[in-house]
Amino acid sequence: MKEKPEIINLPKFLDPRGNLSFIENNKQIPFKIARTYWIYDVPGGETRGGHAYHHLQEFIVALSGSFDVVLNDGNKEYRFNLNRSYYGLYVPKMFWRSMENFSTNSLALVLADNDYKEADYIRDFEKFKLLKNAK
Ligand code: TYD
């Protein structure tokens, strides 16, 4: 398990017929995919996320359009603009994350290393900071 967020470039097969990229478990991304979800039809100005996970790791790709992923480690904020389908952002556990500035028709693909578990969410930023800085 990696400790730091990082942009990961994906394989890219450029082809006049259309380009192709892919992701395999434990190869391009550092975990085995247990769940895939996607965020779409986001109205202008809306923000998604606003939480951290105790254990979950994720990898986020802008399959279409663009948006910002804003991460906070409890002390500092990091903003990543995702706008291509051939790279993505690895988000380790215990980073507060929000997604904002969605362009029209943007599509965010999220790969996660575990099933959906509400108990894994930390939805209170003050609680997150206490937990993070206690480590
Ligand atoms: P949530 O992760 O809270 O979205 P956001 O943080 O972007 O607002 O998910 C919203 C709701 O969707 C959540 O309350 C339950 C449901 N959900 C699932 O059932 N399975 C999933 O894999 C995800 C991501 C969400």
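Quick look at the numbers
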read-out: Order by protection proxy (mean Cβ within 10 Å, highest first), peptides 26-33, 42-49; value: 26-33, 42-49
read-out: Within the chain, helix-based [θ] at 222 nm, where runs of 4 or more DSSP H residues each add -39,500 (n - 2.57), nearest 500; value: -2000 deg cm²/dmol
read-out: Label zone at Ala34 (point 7 Å along Cα-to-Cβ), backbone N below 16 Å, region 41-65; value: 53-59
read-out: Stokes-Einstein D (µm²/s) once Rh is taken as the Kirkwood radius of region 1-52 over alpha-carbon pairs, at 10 °C in 1.306 mPa s; value: 109
read-out: Over the chain: Kirkwood hydrodynamic radius from C-alpha pairwise inverse distances, Å; value: 15.4
read-out: Separation of the Ala134 and Asn105 label points, Cα + 7 Å toward Cβ, nm; value: 4.8
read-out: Rounded accessible area of Leu130 (nearest 10 Å², 1.4 Å probe); value: 130
read-out: Ordering of 8-18, 77-87, 102-112 by packing [mean C-beta count within 10 Å, highest first]; value: 102-112, 77-87, 8-18
read-out: Å² of accessible area per residue within the chain, as computed with a 1.4 Å probe and no ligands counted; value: 59
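The values are calculated or read from the model by the stated rules, or taken from the named source; none is laboratory data. Because the structure is predicted, anything quoted here is derived from the model rather than measured. Cβ coordinates were reconstructed from backbone atoms using ideal geometry, including for glycine residues, and neighbour counts include every protein chain displayed. For the accessible areas, the whole protein counts, side chains as well, though only heavy atoms, and no ligand, DNA or RNA atoms are used. Shrake-Rupley method; radii C 1.70, N 1.55, O 1.52, S 1.80 Å.
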